[in-house]
1. I need every pair where a residue in the stretch 50-77 that is within 16 Å of I33 (Cβ to Cβ) has its Cβ under 7 Å from the Cβ of a residue that is assigned to a helix (DSSP H, G or I) and charged (D, E, K, R), sequence separation at least 6 or different chains.
2. Step by step: first the residues of the stretch 21-36, then only those that are closer than 15 Å to T83 by Cβ and out of contact with any Lys or Arg (no Cβ under 9 Å at 6 or more places or on another chain), then the one that is least open to solvent (accessible area, probe 1.4 Å). Which residue is that?
Amino acid sequence: MASLLKRPVTLSAWDREELIRLSTTGVRSASAIRRARVLLALDTSAGEPDPRDVIAARLGVSGETLRLVARRFAETGGDVLATISRRKRDLPPVPSPVTGEVEARLIALACSQPPAGHARWSLRLLEKHVELTEDIPNLDHSTIGRVLKKRNCALT
């Protein structure tokens, strides 16, 4: 219970009513409802909350979930809607290697004549030629296929 004392959850009357409404009516994600119920259980404005393990067992969550919800409540400055909603990611985890210039070069290569001994370009053949081209990053054949499909370029 020491971690709950580090970050006490104190809800206003409006916050309690809003969390009760969100967790009992309407359509919400299961995780948002679970976080709302955790906040209601951790609320210190109605008196001393139950011990951490009792709350976790009653709500069917782990003690770590209780700690994380209390921490998120403190980080958002007591905003219950920000606490229960899903966090938005700032950037994609890995930037795409396919830029506009790479896409243009790839399409130009796919529209050119296939090498001698081949009747047409295949995705694997394009992959091999992209590896040999120095100004285009190495791309997998599935990535090449997605780029060509996105631009409606069919290999013939």
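The values are calculated or read from the model by the stated rules, or taken from the named source; none is laboratory data. Just so it is clear, the model here is predicted, and its values are computed rather than measured. Cβ atoms come from the backbone with ideal geometry, glycine included; neighbour counts cover every protein chain shown. Quick note on the areas: whole protein, heavy atoms, side chains included, nothing else; ligands and nucleic acids left out. Shrake-Rupley method; radii C 1.70, N 1.55, O 1.52, S 1.80 Å.
1. L59/R37; V61/R34; L66/R52; V69/R35
2. Step one: list which residues in the stretch 21-36 are closer than 15 Å to T83 by Cβ, which gives 22-23, 28-29, 31-36.
The next check asks that each one be out of contact with any Lys or Arg (no Cβ under 9 Å at 6 or more places or on another chain); those that pass are 28, 33-34.
Numbers: R28: 113, I33: 38, R34: 107 Å².
This residue is I33.
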